[in-house]
Amino acid sequence: MTGTASDQQARAVLQQLIASEDSERKARAEAHRQMMLAKMSQPVAVMQFEDLEEEDGLACALCQEGYTINPDKQLGFYIFVKP
């Protein structure tokens, strides 16, 4: 099926718009990616973990946090009893 000249022009304009939007979307995604990588490479989180003390007493089995990290927080205990 052959289109008229105006159909071909409309198709060309639409393809240009689609390509332009795709390139803008990719540029925004790349900028967001670079921003997230920059945030992840900051050494702040590593320094926070280095300052933590080793837990001496009771501690959570999952997160290993206890009274040293949160002295005012009550620890919960879960007990499984087999009948």
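Look at residue 42 and say whether it is modelled with pLDDT under 75, out of contact with any strand residue (DSSP E or B) (no Cβ under 8 Å at 6 or more places or on another chain), surrounded by fewer than 10 Cβ atoms within 10 Å (Cβ to Cβ) and part of a helix (DSSP H, G or I). Spell out the reasoning first.
Details: modelled with pLDDT under 75: yes; out of contact with any strand residue (DSSP E or B) (no Cβ under 8 Å at 6 or more places or on another chain): yes; surrounded by fewer than 10 Cβ atoms within 10 Å (Cβ to Cβ): yes; part of a helix (DSSP H, G or I): no.
Judged against the criteria, residue 42 is not a match.
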Fill in: Residue that is farthest from residue 54 (Cα to Cα), among those in the range 64-83 that are polar (S, T, N, Q) and surrounded by 10 or more Cβ atoms within 10 Å (Cβ to Cβ)
70
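The values are calculated or read from the model by the stated rules, or taken from the named source; none is laboratory data. Since the structure is predicted, the reported quantities are computational estimates derived from the model, not experimental observations. As a convention, Cβ positions derive from the backbone with ideal geometry for all residues, glycine included, and neighbour counts pool all protein chains shown.
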